[in-house]
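The values are calculated or read from the model by the stated rules, or taken from the named source; none is laboratory data. As the structure is a computational prediction, the values presented were derived from the model and not from experiment. Using ideal geometry, Cβ is built from the backbone for each residue, glycine included, and neighbour counts are taken over all protein chains shown.
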Amino acid sequence: MNKQIANGLRVGLTFGIVNIFLFLIKFPVIAGTIIKKIIPNFIVALFPINPDILDILIFIGLIGIWAGASGGRKLDEKSDNWLTSFVGGAAAGLVNALLIGALVFILGSLTDAHVKINAYLAAILPAVVKLFLLDQNTLNGSLTQFVFSFVAGALGGVLGFAFRGQWFASLKNKWNAAWASLTENPQIKKTFARPIARIALSALGIAFLLFIPQIAGKYWNYTIGTVGIYVLLGLGLNIVVGFAGLLDLGYVAFFAIGAYTVALLTAPNPHHLMWNFWTTLPIGVVLAAAAGILLGIPVLRMRGDYLAIVTLGFGEIIRILATSDLLTSFTGGPRGVTAIGQPTLFGKPFSSDTDFVYIIFIGIAIAIFITIQLRSSRIGRAWEAMREDETVAQAMGINTLSHKLMAFAIGAALAGLGGVLFASRNQFTGPEDHNLMVSINVLSVVIVGGMGSIPGVIAGAFALKGLPEILREVQDYRILIFGALLVAMMIWRPEGLWPTARRSMELHSADPEDPESGEAKTSEDKP
Amino acid sequence: MTIAIETLGLTKIFGGLVAVNNVDLTIPDKAIFSVIGPNGAGKTTFYNCITGFYVPDQGSVTFYGQPIMGLSPDQIMYRGIARTYQNIRLFPSMTAIENILVGAHSRLTTNLIDAIVHTPRFREEEARALDEAKRLLKFVGLAGQGDRVARNLPYGAQRRLEIARALASKPKLLLLDEPTAGMNPNETTEMIHFIRNLRDELGITILLIEHDMRMVMGVSDRIAVLDYGSKIAEGSPAEIQHNPRVIEAYLGRNASEAQN
């Protein structure tokens, strides 16, 4: 029991401190606006209080329940029961609530004394403090906050026990059994195994994809396009990092080469070449691939960290070249290139955000096709072998340099395609479109999604590029949420959102038949 | 007599240490030839010099009359030399069958375009390679285990899988580095039969590094003994067993005097 209380107090302190920081950047208010979007209006109308305050309370309550559940968690098998969970949760809730209540009380008193807190903490305006005090006076408001968080913590402790208790386990089993009876049903299995069923399903999927851009508005199509370009880049980098195991931190360089190729060949300035978009598209792709090979020949002899640093440098070189005064007359300099040519179809412009979504979908389809085909080929196996053990792979007759170059060139070509589409869609490209963050973002897409997995890359691109877009209202807090998500992911799903079956197996389940320990025995027999 | 591999004056120096010192070795075609010696005698370094992992400082290596020294490991593999490793080095998270298919890499010819388009040539070659891989899996006694991830196979199975991977390249010469390390006597006996089979059925020349003397004496046609990087003896198993220099190398001078 004492241990449980100590644990609760410790957890409560952690949550309380984190809460103080969140309050000081008025995060509960921001979270409230997100919650407002999620919860339907008629539910909000059930509660006779200010909806803004309700949303904030929901957020604080959820955090409080989490704190309680964590404080009342199972410390050892024997003494885990309703009471210990409740006490642990209450202890966590108490500390958490004390800190929150004290903070709110201080903020309230300072505001009452007409201290301008927002001179020091820009987010804490008097209106925000009023929301924190739940529209009451300082004393009542902070007391309410205290009681609310305390109750939430105690509730969290009990809920935590309930969810690891037996009735929840039996519920889970029932659900699993129901699901299995559906998916394992031979009749259903047979129906879905038929080729016709598969074709019908894929046709349905494709029709759905073709249909989406038509109903989505301009803004959503723009967002889908951005996500799509990141899917394309992610698929390319997935071949380099996920398959061949080459850590490329300068991937943006190939993106930039694609973008600048289409920019310089189709824009009126600085060269006035005004070529057709469709002519420049393959040129951009080929130039990017060629750059991949040219860069690859000297640097791919390096392994691991060294390769990462050299490619990082290469990415920066391309960006700095584009910015440099020396090349301004050639690249347009820091101001970039505007009025980039856009695609046409049968003489008509084919360049609205909706049209671009289709072009990007085709690009993604090509990238997926190439990835799938290569993965199950001699080359895909060679990549995988190289990633696992380069020395042995070479002894198996794999020319490591040429296979690395292949991966690099294909990845670069896809990045080039992404660059061409990106520049043409925005009708602008400049050095700042091609900074280091792009490389890092694409790498994050691959890692967050699950290395080597195609659906993973798509999921990753949506999570990393789509979510921030959806969270646009909370602009200033995007990086915070993003960082928290990344940390949470690395703890709970280190293999990625949608990993390949094999990778998740590696990280989560130990094969019952572990390799027997093979201690080399050295015989000292007399010859 | 055809000579499979011949080294002349092979020397490899690491800093001040002469790991392989002036080794002359002639291994006839279809022989089972063992290299033995105390720990640190330079046996594995000798392998690494032959397979291109190290470039020897002096000497020459010829393989069926062709000089192969200075070629990269993948080029040497293409000439027909395959090897296994003292500490098993499979591709741990690939399946057994994929490991073997990687071994067959040097025998497959499809290029990037074939692979992307999946041309008929590609399909046919992949199907043939898969059949071959399954046959090899059966040959090493792992039938039906093809879809298991290599690291999850039992130790002995991993050893045999490594040999199957080496065999997939259809080598003329197979270098085995302590294939029975960590095996019990039964498994060792199996391995002796297995290695004989390789030579008798597939006609592969075998070079063997081994510590288990029962294995060495039971399977080898000829044995060479390395000590401190130098070859101190060569001969049939019976000759080696009574060679005083060999006994001295293994057990010290007193032991060799006591024997005589």
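Go over the candidates A:Val129, A:Val115 one by one and state the one that is free of Cβ contacts under 8 Å to residues at least 60 places away in the same chain, assigned to a loop (DSSP other than H, G, I, E, B) and among the β-branched types (Val, Ile, Thr). Just one listed residue meets the conditions, A:Val115. Applying the set (1) modelled with pLDDT of 90 or more; (2) in a helix (DSSP H, G or I); (3) hydrophobic (A, V, I, L, M, F, W, C); (4) farther than 11 Å from B:Ile32 by Cα to B:Ala255 leaves exactly one unmet item: (1).
All conditions in (1) in a loop (DSSP other than H, G, I, E, B); (2) surrounded by 22 or more Cβ atoms within 10 Å (Cβ to Cβ) hold for A:Ile65, with the sole exception of (1). Among the conditions (1) in the same structural domain as B:Glu6 (by TED's automatic domain parsing); (2) surrounded by fewer than 19 Cβ atoms within 10 Å (Cβ to Cβ); (3) touching a residue at least 40 places away in the same chain (Cβ under 8 Å), B:Pro185 misses just one, which is (3). When the criteria are applied in full, B:Thr189 fails the requirement of being more than 9 Å from chain A (Cβ to nearest Cβ), under 16 Å from the mean Cα position of the chain (by Cα) and of a type in the set (Ser, Thr, Tyr). Scanning region B:142-156 for residues that are without any contact (Cβ under 8 Å) to a residue 24 or more places away in the chain and either closer than 9 Å to B:Met94 by Cα or within 11 Å of chain A (Cβ to nearest Cβ) (or both) gives B:Asn152, B:Pro154. Scanning region A:314-334 for residues being surrounded by 14 or more Cβ atoms within 10 Å (Cβ to Cβ) and assigned to a helix (DSSP H, G or I) gives a total of 12.
When you look at A:Pro515, is it crowded, with 17+ Cβ neighbours inside 10 Å and either within 14 Å of chain B (Cβ to nearest Cβ) or modelled with pLDDT under 70 (or both), yes or no? Explain how you work it out, then say what you get.
Working: crowded, with 17+ Cβ neighbours inside 10 Å: yes; either within 14 Å of chain B (Cβ to nearest Cβ) or modelled with pLDDT under 70 (or both): yes.
For A:Pro515, the condition - crowded, with 17+ Cβ neighbours inside 10 Å and either within 14 Å of chain B (Cβ to nearest Cβ) or modelled with pLDDT under 70 (or both) - is met.
Scanning region B:157-176 for residues that are within 28 Å of B:Asn39 (Cβ to Cβ) and within 11 Å of another protein chain (Cβ to nearest Cβ) yields a count of 8.
Among the residues of region A:46-53, is any at pLDDT below 90, surrounded by 15 or more Cβ atoms within 10 Å (Cβ to Cβ) and in contact with a Phe, Trp or Tyr (Cβ under 6 Å, 6 or more places away or on another chain)? Among the residues of region A:46-53, not one is at pLDDT below 90, surrounded by 15 or more Cβ atoms within 10 Å (Cβ to Cβ) and in contact with a Phe, Trp or Tyr (Cβ under 6 Å, 6 or more places away or on another chain), which makes the answer no.
Just to be sure, is A:Val115 β-branched (Val, Ile, Thr) and surrounded by 15 or more Cβ atoms within 10 Å (Cβ to Cβ)? Judged against the criteria, A:Val115 is not a match. Taken as a whole, region B:120-141 holds at least one residue that is over 30 Å from B:Val246 (Cα atoms), away from chain A (no Cβ under 11 Å) and in a loop (DSSP other than H, G, I, E, B). Among residues of region A:132-168 being under 17 Å from A:Ile49 (Cα atoms) and not in a helix (DSSP H, G or I), the one that is farthest from the chain's Cα centre (by Cα) is A:Asn137.
Note on region A:413-429: residues that are crowded, with 24+ Cβ neighbours inside 10 Å, of a type in the set (A, V, I, L, M, F, W, C) and away from every other protein chain (no Cβ under 14 Å) total 6. Residues that are out of contact with any Gly (no Cβ under 9 Å at 6 or more places or on another chain) and buried (at least 22 other Cβ atoms within 10 Å of the Cβ) do not occur anywhere in region B:11-25. Inspect region B:189-210 for any residue being touching a Ser or Thr at 6+ places or on another chain (Cβ under 8 Å), basic (Lys, Arg) and assigned to a strand (DSSP E or B) and give the result as yes or no. No, region B:189-210 contains no residue that is touching a Ser or Thr at 6+ places or on another chain (Cβ under 8 Å), basic (Lys, Arg) and assigned to a strand (DSSP E or B). Of B:Val225, B:Val246, all but one fail to be within 9 Å of chain A (Cβ to nearest Cβ) and assigned to a strand (DSSP E or B); the exception is B:Val225. Set side by side, the residues A:Ala263, A:Ala200, A:Ala177 differ, and just one is in contact with a strand residue (DSSP E or B) (Cβ under 7 Å, 6 or more places away or on another chain), of a type in the set (A, V, I, L, M, F, W, C), modelled with pLDDT of 85 or more and assigned to a helix (DSSP H, G or I), which is A:Ala263.
Working only within region A:354-400, note down all residues that are facing chain B (nearest Cβ under 7 Å) and within 24 Å of the chain's Cα centre (by Cα). Scanning region A:354-400 gives a single hit, A:Ile370. Here B:Pro244 meets each of (1) in contact with a helix residue (DSSP H, G or I) (Cβ under 6 Å, 6 or more places away or on another chain); (2) surrounded by 15 or more Cβ atoms within 10 Å (Cβ to Cβ) with one exception, condition (2). Scanning region B:161-188 for residues being assigned to a helix (DSSP H, G or I) and either on the phi > 0 side of the Ramachandran plot or at pLDDT 90 or above (or both) gives a total of 7. A single member of A:Leu57, A:Leu98, A:Leu75 is part of a helix (DSSP H, G or I), touching a residue at least 40 places away in the same chain (Cβ under 8 Å), assigned by TED's automatic domain parsing to the domain that holds A:Gly165 and farther than 28 Å from A:Ile39 by Cβ, and it is A:Leu98.
In the set (1) farther than 30 Å from A:Asp353 by Cβ; (2) in the same structural domain as A:Phe422 (by TED's automatic domain parsing), the condition left unmet by A:Gln187 is number (2).
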